[in-house]
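Undergrad: Sending over a structure as structure tokens; questions will come in a sec.
The values are calculated or read from the model by the stated rules, or taken from the named source; none is laboratory data. The model shown is predicted, which means the values in this text are computed figures rather than measured ones. Neighbour counts are summed over all protein chains in view; Cβ atoms, including those assigned to glycine, are modelled from backbone coordinates with ideal geometry.
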Amino acid sequence: MPGYIMHLAEGKIIQELLAGTDILPEGGRALFEAGLLLPDTKRKKEKYTSHFWNDADMDKLAIAPDLGLFLAKYGSRLTEPVMMGYYAHLHLDWRFVEALWPRCFQFLDGEGRERILWDEIRQVRILSRDRVVPVNDFYSDAWYYGDYSRMNRHFQEKYCLTVPDPDPASLARLAMDEVCAEDLEDVFSELAFLFAGKAGHKNEPLRVFTLDGLEIFLRESAEFFVEEFTHISAFGIPT
């Protein structure tokens with residue numbers, strides 16, 4: 001899934017697209033950015049709840065959030081900037097799995113056939129390189145996870161990203177079953193560490209994704225989100 005910095009970068013594009021509207025007022029932008037990070041305050045198995053995964057998808061390697069589950073529970077609160085940010089996070093994660101991954105790589109079994117179930121996948125074909133690597137090697141610093149730190153500096157500088165600074169009293173009023181606002185402090189500390197350039201790769205080319213492809217994807221996803229969110233704001237949640 002996208003890391004903190006990609007979520008904040010898309011958040012900047014969303015704010016740009018909504019400029020001049022009353023959908024996200026200036027005073028709500030810090031809370032919106034905090035909401036962009038809230039689902040990732042939970043790690044590993046706890047992401048099942050914070051990312052609204054569907055039970056029917058749990059045997060897949062790639063699990064995208066079930067946006068319908070979130071909207072059914074919290075759709076009436078999307079006017080709250082923090083909840084709008086939370087939904088934008090889930091929306092980008094969903095797009096990452098459903099739209100970006102198929103452009104960049106394919107999951108294969110031992111015979112080279114495409115598969116989606118975790119226990120059937122043995123290798124991954126990286127499309128930009130026409131190279132096949134074992135799935136355990138793919139999910140490592142050498143390939144997939146390494147690209148996160150290889151891309152971070154680019155997005156940080158392009159979108160002038162900083163650690164969100166929401167009003168603590170407003171965050172304290174957050175009422176959700178899946179996350180706790182207090183846990184954002186750990187995420188903010190990690191972001192400060194990343195922004196200080198104390199971790200990750202520097203000026204290395206990406207190995208799975210491409211910066212141009214990611215830029216196109218983020219812009220597409222932000223436009224898709226704004227179009228959908230504007231429709232929901234005007235007409236309500238589709239049934």
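Undergrad: Looking at (1) assigned to a loop (DSSP other than H, G, I, E, B); (2) touching a helix residue (DSSP H, G or I) at 6+ places or on another chain (Cβ under 8 Å); (3) closer than 28 Å to residue 162 by Cβ, find the lone condition where residue 53 falls short.
TA: Unmet condition: (3).
Undergrad: For a quick check of your reading: which helices (runs of 4 or more DSSP H) sit entirely within segment 98-197 and have at least 3 residues that are over 23 Å from residue 83 (Cβ atoms)? It would help to see each step written out before you state the result.
TA: Values: elements: 101-104, 135-138, 144-158, 168-172, 184-195.
Qualifying helices (runs of 4 or more DSSP H): 101-104, 135-138, 144-158, 184-195.
Undergrad: Can you run down the residue pairs with Cβ atoms below 7 Å, 6 or more apart or on separate chains, where the first is in segment 142-171 and more than 19 Å from residue 36 (Cβ to Cβ) and the partner is hydroxyl-bearing (Ser, Thr, Tyr) and in a loop (DSSP other than H, G, I, E, B)?
TA: 145/139
Undergrad: Among the listed residues 52, 32, which satisfies the condition of being of a type in the set (A, V, I, L, M, F, W, C), at positive phi, buried (at least 18 other Cβ atoms within 10 Å of the Cβ) and in contact with a Leu (Cβ under 7 Å, 6 or more places away or on another chain)?
TA: 52
Undergrad: Okay, next question. Somewhere in segment 14-26, is a residue of a type in the set (S, T, N, Q), assigned to a helix (DSSP H, G or I) and free of Cβ contacts under 8 Å to residues at least 60 places away in the same chain? Outline the logic, then answer.
TA: Initially, segment 14-26 is screened for residues of a type in the set (S, T, N, Q), giving 15, 21.
Going one step further and asking which of them are assigned to a helix (DSSP H, G or I), we end up with 15.
Restricting the remaining residues to those that are free of Cβ contacts under 8 Å to residues at least 60 places away in the same chain gives 15.
So far as segment 14-26 goes, yes, one or more of its residues are of a type in the set (S, T, N, Q), assigned to a helix (DSSP H, G or I) and free of Cβ contacts under 8 Å to residues at least 60 places away in the same chain.
Undergrad: Also, quick follow-up: Return yes or no: is residue 20 modelled with pLDDT under 95 and within 19 Å of residue 162 (Cβ to Cβ)?
TA: For residue 20, the condition - modelled with pLDDT under 95 and within 19 Å of residue 162 (Cβ to Cβ) - is not met.
Undergrad: Here's something else I'd like to know. Here are the criteria: (1) within 17 Å of the chain's Cα centre (by Cα); (2) surrounded by 14 or more Cβ atoms within 10 Å (Cβ to Cβ); (3) assigned to a helix (DSSP H, G or I). Tell me which single one residue 75 does not satisfy.
TA: Single failed check for residue 75: (1).
Undergrad: Still on this structure: Would you point out which residue out of 232, 237 is modelled with pLDDT under 95 and under 24 Å from residue 19 (Cβ atoms)?
TA: Of 232, 237, the one residue that is modelled with pLDDT under 95 and under 24 Å from residue 19 (Cβ atoms) is 232.
Undergrad: Moving to a separate point now. With respect to residue 59, determine if the residue is surrounded by fewer than 15 Cβ atoms within 10 Å (Cβ to Cβ) and touching a residue at least 60 places away in the same chain (Cβ under 8 Å). Give the steps one after another, and end with the answer.
TA: Details: surrounded by fewer than 15 Cβ atoms within 10 Å (Cβ to Cβ): yes; touching a residue at least 60 places away in the same chain (Cβ under 8 Å): yes.
The answer is yes for residue 59.
Undergrad: Related question: Please work out which residue is nearest to the chain's Cα centre (by Cα), limiting yourself to segment 201-218 and to residues that are assigned to a helix (DSSP H, G or I) and surrounded by 14 or more Cβ atoms within 10 Å (Cβ to Cβ).
TA: 218
Undergrad: Among the numbered conditions (1) surrounded by fewer than 22 Cβ atoms within 10 Å (Cβ to Cβ); (2) under 17 Å from residue 90 (Cα atoms); (3) touching a helix residue (DSSP H, G or I) at 6+ places or on another chain (Cβ under 6 Å), tell me where residue 44 comes up short.
TA: (3)
Undergrad: Can you tell me which residues in segment 126-138 are modelled with pLDDT under 95 and under 26 Å from residue 193 (Cα atoms)?
TA: Answer for segment 126-138, where residues must be modelled with pLDDT under 95 and under 26 Å from residue 193 (Cα atoms): there is none.
Undergrad: Check whether at least one residue in segment 96-106 is more than 16 Å from residue 209 (Cα to Cα), in contact with a strand residue (DSSP E or B) (Cβ under 6 Å, 6 or more places away or on another chain) and either exposed (fewer than 14 other Cβ atoms within 10 Å of the Cβ) or in contact (Cβ under 8 Å) with a residue 40 or more places away in the chain (or both), and report yes or no.
TA: no
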